[in-house]
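Structure first, commentary second.
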Amino acid sequence: MKRIYLLVAISLSILCGCSSDSNDTVTPVNVTLSFSHYWDDTVVTNSDFNDLKFTNAYGNLLSIERLRYLISYVVFTDTSGQTILLDGYNLVDVTNQTNLSYTPTTKVLTGTYSNVSFVFGFNNEKNTEGTYPDLNSASWNVPVMLGGGYHYMQLDGKFKNNANEIQGYNYHAIRANDNAGDNPTFPKDTFIQVDLGEVTINADVEFDIAMNIAEWFKSPNNWDLNEYNQMLMPNSTAQILIYENGQNVFTLEGIN
């Protein structure tokens with residue numbers, strides 16, 4: 001897939017504008033991704049945390065105490081299949097209500113795009129241990145013995161188990177790995193590309209993106225926290241289940 005860098009794209013658009021009778025004006029604009037959070041149809045903010053008030057599809061009563069996740073690799077694909085990468089990343093921290101909006105430094109040109117996408121987590125090329133000092137200081141890195149790199153998500157809380165006792169869970173998403181130690185292997189890529197679909201941009205634009213937290217526990221794997229609750233990072237089976245459940249977590253709510 002051929003990649004167009006912004007400077008080249010702007011230069012070409014200027015040249016074409018000078019040599020054409022077209023009245024269309026192509027200009028660079030800012031792109032913002034804003035994230036909101038739901039439990040199915042109910043809005044979730046940090047004011048809802050630390051309370052056993054959510055019930056997943058399996059029937060587990062649970063709370064949320066921490067929710068952080070990484071988005072990166074924002075890509076605009078034009079109608080000819082060429083792409084513009086808005087490189088960078090954003091650590092959304094719902095617990096502290098920070099980084100809920102993300103505006104990459106790179107701009108895009110006005111026009112119609114056949115798809116806009118971002119990556120949940122880091123793709124393998126970007127998921128390199130020690131590369132991001134700010135993520136290291138946020139304790140976002142993954143131990144080397146588990147393959148290194150960085151988390152995709154930390155979702156933590158408590159649930160009522162089958163013995164009617166309150167127990168903790170750590171629903172952490174990372175790159176699936178086997179053979180924890182000096183030579184881990186990676187049976188399946190577990191970062192997720194989220195496609196937002198076609199869009200026409202005429203000015204600075206904001207994408208309103210919703211995460212349905214309930215979906216992490218719902219489909220296609222009906223998640224029983226009694227079975228999978230902690231120590232999920234070294235469990236490649238659990239990581240692949242998380243990846244499968246994450247395919248429909250994000251939806252585009254609107255474009256402003």
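What follows is calculated from the coordinates using simple rules that are stated; it is not laboratory data. These figures come from a predicted structure and were not determined experimentally. Cβ sites come from the backbone with ideal geometry, for glycine too, and all protein chains shown count toward neighbours.
Each Lys and Arg adds +1 at its Cβ and each Asp and Glu adds -1 at its Cβ; summed about the Cα centre, the chain shows a dipole of about 340 debye. Shown here is the pair-distance distribution of the chain: with all Cα-Cα distances grouped in 10 Å bins from zero up to the longest one, the shares run 7, 28, 32, 21, 9, 3, 1, 0 percent. Using only Cα coordinates, the Kirkwood hydrodynamic radius of the range 128-256 works out to 16.6 Å. When the chain is described by a simple charge dipole with +1 on each Lys and Arg Cβ and -1 on each Asp and Glu Cβ, the residue from Gly181, Gly81, Tyr228 located farthest towards its positive end is Gly181. Relative to the longest principal axis of the C-alpha atoms of the chain, give the angle of the C-alpha long axis of helix 236-245, reported between 0 and 90° and rounded to the nearest 10°. That helix lies at roughly 60 degrees to the long axis.
Any lysines with Cα under 22 Å of the Lys158 Cα? List them, leaving off those in the same chain fewer than 8 positions away. Cα-Cα hits under 22 Å: Lys53, Lys218.
So for each of 129-139, 47-57, 203-213, 69-79 I average, over its residues, the number of other beta carbons within 10 Å; can you give me the resulting order with the highest mean first?
By packing density, highest mean first, the sequence is 69-79, 203-213, 47-57, 129-139.
Angle of helix 6-18 to the longest C-alpha principal axis of the chain, folded into 0 to 90 degrees and rounded to 10: 30°. For the range 23-151, the Kirkwood estimate of the hydrodynamic radius, built from every pair of different alpha carbons, is 17.2 Å.
In whole angstrom, the range 198-246 maps to an equivalent ellipsoid with semi-axes of 33, 12, 10, each derived as √(5λ) from the alpha carbon gyration tensor and ordered largest first. Whole-Hz Karplus values for the range 185-202 come out as 10, 10, x, 7, 5, 10, 5, 10, 8, 9, 9, 9, x, 6, 8, 10, 10, 10 Hz, taken residue by residue from phi with 6.51 cos²θ - 1.76 cosθ + 1.60 and θ = phi - 60°; glycine and proline positions read x. Between the C-alpha center of the range 123-168 and that of the range 210-231 there is a gap of 16 Å. Residues in the range 128-137 carry Karplus couplings, in order, of 10, 4, x, 6, 10, x, 5, 6, 4, 5 Hz; the curve used is 6.51 cos²θ - 1.76 cosθ + 1.60 with θ = phi - 60°, and Gly or Pro positions show x. Computed from label points 7 Å out along Cα-Cβ, the spacing between Ile240 and Arg66 is 2.8 nm. Between amide H atoms placed 1.01 Å from N, distances below 5 Å from Asn50 occur with Ile64, Glu65, all of them 5 or more places distant or on a separate chain.
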